[in-house]
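*Asks:* Input: one structure, supplied below.
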Amino acid sequence: MKTVVSVSLGSSEHDYDVQTTFLGQPFRVIRTGTDANQQRAEQILRALEVDAIGLSMVHDHYQIGRE
């Protein structure tokens, strides 16, 4: 079974762990919120041994100067 984990800086209130089938393949899909704790998110990411990782609520842009 393939395992997919989504690590979020969002609320852990919305966490889930489900097993499903997609295109005939069994999957385990896990969502883990870290309540804005970046160190906790890093710990989780470093410890994962899964088939795919998703990230959410992560800033993906940077400001340089006034732009």
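*Asks:* Before we move on, is HIS14 without any contact (Cβ under 8 Å) to a residue 12 or more places away in the chain, open to solvent by 100 Å² or more (accessible area, probe 1.4 Å) and farther than 13 Å from LYS2 by Cα?
*Replies:* On the way: without any contact (Cβ under 8 Å) to a residue 12 or more places away in the chain: no; open to solvent by 100 Å² or more (accessible area, probe 1.4 Å): yes; farther than 13 Å from LYS2 by Cα: yes.
No.
*Asks:* Mind checking which strands (runs of 3 or more DSSP E) fall wholly inside segment 15-58 and carry at least 2 residues that are aliphatic (A, V, I, L, M)? Before the answer, list the steps.
*Replies:* On the way: elements: 16-22, 25-33, 52-56.
Once the strands (runs of 3 or more DSSP E) in segment 15-58 are filtered for at least 2 residues that are aliphatic (A, V, I, L, M), what remains is 25-33, 52-56.
*Asks:* Only one of these is loosely packed, with under 12 Cβ neighbours inside 10 Å and modelled with pLDDT of 95 or more: THR3, THR21. Name it.
*Replies:* Selected residue: THR21, the only one of THR3, THR21 that is loosely packed, with under 12 Cβ neighbours inside 10 Å and modelled with pLDDT of 95 or more.
*Asks:* A further question follows. Going through segment 28-49 one residue at a time, which ones are open to solvent by 50 Å² or more (accessible area, probe 1.4 Å) and more than 21 Å from HIS59 (Cβ to Cβ)?
*Replies:* Here is the first cut: in segment 28-49, the ones open to solvent by 50 Å² or more (accessible area, probe 1.4 Å) are 28, 35-40, 42-43, 45-47, 49.
Those that are open to solvent by 50 Å² or more (accessible area, probe 1.4 Å) and more than 21 Å from HIS59 (Cβ to Cβ): ARG28, ALA47, GLU49.
*Asks:* Would you be able to tell me the number of residues in segment 25-41 that are in contact with a Ser or Thr (Cβ under 9 Å, 6 or more places away or on another chain) and either modelled with pLDDT under 95 or of a type outside the set (Val, Ile, Thr) (or both)?
*Replies:* Initially, segment 25-41 is screened for residues in contact with a Ser or Thr (Cβ under 9 Å, 6 or more places away or on another chain), giving 26-36, 40-41.
After this cut, where a residue has to be either modelled with pLDDT under 95 or of a type outside the set (Val, Ile, Thr) (or both) as well, the list is 26-28, 31, 33, 35-36, 40-41.
Summing the residues that are in contact with a Ser or Thr (Cβ under 9 Å, 6 or more places away or on another chain) and either modelled with pLDDT under 95 or of a type outside the set (Val, Ile, Thr) (or both) in segment 25-41 gives 9.
The values are calculated or read from the model by the stated rules, or taken from the named source; none is laboratory data. Every value quoted in this text rests on a predicted model; they were computed, and no experiment measured them. Reconstructed Cβ throughout: ideal geometry from the backbone, glycine too, with neighbour counts over all protein chains shown. The protein model used for the area step is the full one, side chains on, heavy atoms only, and it has no ligands, DNA or RNA in it. Shrake-Rupley method; radii C 1.70, N 1.55, O 1.52, S 1.80 Å.
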